[in-house]
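The values are calculated or read from the model by the stated rules, or taken from the named source; none is laboratory data. Quick caveat, the model's predicted, so the values are computed rather than measured. Don't worry about glycine lacking a Cβ; one is built from the backbone with ideal geometry, like all the others, and counts go over all protein chains shown.
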Amino acid sequence: MMRGMAELQVLDRDAPLADILAALEADGGVIVRDLLSDDARRAIVDDLADDLEAFAPGSKSGMDLWETFHGRNTVRFCGLAARSRAFVDHALLNPVFTTVTDEVLRGAGADYWLNTGQVMAVGPGEPAQYLHRDENNWPEAVADGREITISCMFALSDFTVANGATAVVVGSQRRPSGLVRGIEASPDEIAYAEMPAGSGMIYSGKVIHGAGENTSDNFRYGMHVSFVTGWLRPEEASPLVVDRSMAAALPERARQLLGWGSYHTEGGGRTWLVDFEDASHLFD
């Protein structure tokens, strides 16, 4: 596999927020070391180990587009907040990622919530995923100069070019908005998110990217967590998986991010209500 000539900036988790935001704005993605502590990463992996064994590779959609996109030898599953309290404490509520998200998404709306949290375990021999933009999940809401979603790819194992580290077309977030579903990019435009386990790549919903080809003999274990502005419907129906009794045991902010709270706009609009009251009152 040809190594990309471009590079992503790599920062420590205690780097100033301004430095992380500057790298994100310049390149469309930034690698943050030790975003998960060793203990936190191991706890998440332990919580999800049975599901990693139980889920078969490939898509269940029956649609060629999604089966190609998801990968025929890639294990994917969601509902991580229902499967792992460590996921909630250390990924959903990750202080670095959520602080960055506050800065990026509060310009598009009053608040945001979880779009999806999912395992992406890329198997040996899996071809490279076609390059795409995450914001294209909401084509009607896409606009130049406005971020509607932001993601983090957490490395649950080491990411290398050989095992399928995420390929990023550096700076492509500045290209005009529009559907990207498979494009050609020259090697000097592409950076691979090589990073040790516990790191995370935070990236724009506008940047063009995709999982790399896995030419190794081992799985590449990643965990994608993304947020979307509060006035859009998420990819994952979290309240259908994290039920009311389960949500009651979680911190208030985690409940809000999982859809157990309402959305209030600065202009006075209110949505996702229960009897015209904020859904958070279900837990009074």
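Considering only residues of region 233-254 that are in contact (Cβ under 8 Å) with a residue 24 or more places away in the chain and touching a Phe, Trp or Tyr at 6+ places or on another chain (Cβ under 7 Å), which is surrounded by the fewest Cβ atoms within 10 Å (Cβ to Cβ)?
Step by step, filter region 233-254, then rank; the result is 248.
Mind listing whichever residues of region 117-141 are hydrophobic (A, V, I, L, M, F, W, C) and out of contact with any Gly (no Cβ under 8 Å at 6 or more places or on another chain)? Walk me through it before giving the result.
Residues of region 117-141 that are hydrophobic (A, V, I, L, M, F, W, C), as a first pass: 119-122, 128, 131, 138, 141.
Across region 117-141, the qualifying residues are 138, 141.
Select from region 170-198 the residues that are in contact (Cβ under 8 Å) with a residue 60 or more places away in the chain, surrounded by fewer than 23 Cβ atoms within 10 Å (Cβ to Cβ), of a type in the set (Gly, Ala, Ser) and in a loop (DSSP other than H, G, I, E, B) and list them in ascending order.
171, 197, 198, listed by residue number.
Looking for whichever is of a type in the set (D, E, K, R), under 21 Å from residue 52 (Cβ atoms) and either surrounded by 19 or more Cβ atoms within 10 Å (Cβ to Cβ) or in contact with a strand residue (DSSP E or B) (Cβ under 6 Å, 6 or more places away or on another chain) (or both) here; the options are 135, 126. Which one fits? Lay out the reasoning, then the answer.
Working: 135 fails: under 21 Å from residue 52 (Cβ atoms).
On inspection, the qualifying residue turns out to be 126.
Go through (1) outside any helix (DSSP H, G or I); (2) under 30 Å from residue 49 (Cα atoms) for residue 99 and report which single condition fails.
Unmet for residue 99, out of (1) outside any helix (DSSP H, G or I); (2) under 30 Å from residue 49 (Cα atoms): (1).
Among the listed residues 33, 41, 72, which satisfies the condition of being in contact with a Gly (Cβ under 8 Å, 6 or more places away or on another chain) and either small (Gly, Ala, Ser) or surrounded by fewer than 15 Cβ atoms within 10 Å (Cβ to Cβ) (or both)?
Values: 33 fails: either small (Gly, Ala, Ser) or surrounded by fewer than 15 Cβ atoms within 10 Å (Cβ to Cβ) (or both); 41 fails: either small (Gly, Ala, Ser) or surrounded by fewer than 15 Cβ atoms within 10 Å (Cβ to Cβ) (or both).
Among 33, 41, 72, only 72 is in contact with a Gly (Cβ under 8 Å, 6 or more places away or on another chain) and either small (Gly, Ala, Ser) or surrounded by fewer than 15 Cβ atoms within 10 Å (Cβ to Cβ) (or both).
What's the total number of residues in region 157-167 that are buried (at least 23 other Cβ atoms within 10 Å of the Cβ) and either among the hydroxyl-bearing types (Ser, Thr, Tyr) or touching a helix residue (DSSP H, G or I) at 6+ places or on another chain (Cβ under 7 Å) (or both)?
1
Name the pairs: first residue in region 257-284 and touching a residue at least 60 places away in the same chain (Cβ under 8 Å) and surrounded by 13 or more Cβ atoms within 10 Å (Cβ to Cβ), second residue assigned to a loop (DSSP other than H, G, I, E, B) and among the charged types (D, E, K, R), Cβ to Cβ under 8 Å, at least 6 apart or on different chains?
Every condition considered, the pairs that remain are 263/111; 264/111.
Consider region 51-73. How many of its residues are at pLDDT 65 or above, in contact with an Asp or Glu (Cβ under 8 Å, 6 or more places away or on another chain) and within 19 Å of residue 222 (Cα to Cα)?
Going through region 51-73 one residue at a time, the tally reaches 4.
Return the residues of region 199-222 that are under 24 Å from residue 48 (Cβ atoms) and in a strand (DSSP E or B); say none if nothing qualifies.
200, 201, 202, 203, 209, 210, 214, 220, 221, 222
Identify the residue in region 77-128 that is among the charged types (D, E, K, R) and free of Cβ contacts under 8 Å to residues at least 24 places away in the same chain and, among all such residues, is farthest from residue 41 (Cα to Cα).
Going residue by residue through region 77-128, those that are among the charged types (D, E, K, R) are 83, 85, 89, 102-103, 106, 111, 126.
Retained after the next criterion (residues that are free of Cβ contacts under 8 Å to residues at least 24 places away in the same chain): 102, 106.
Values: 102: 23, 106: 28 Å.
Within region 77-128, the match that is farthest from residue 41 (Cα to Cα) is 106.
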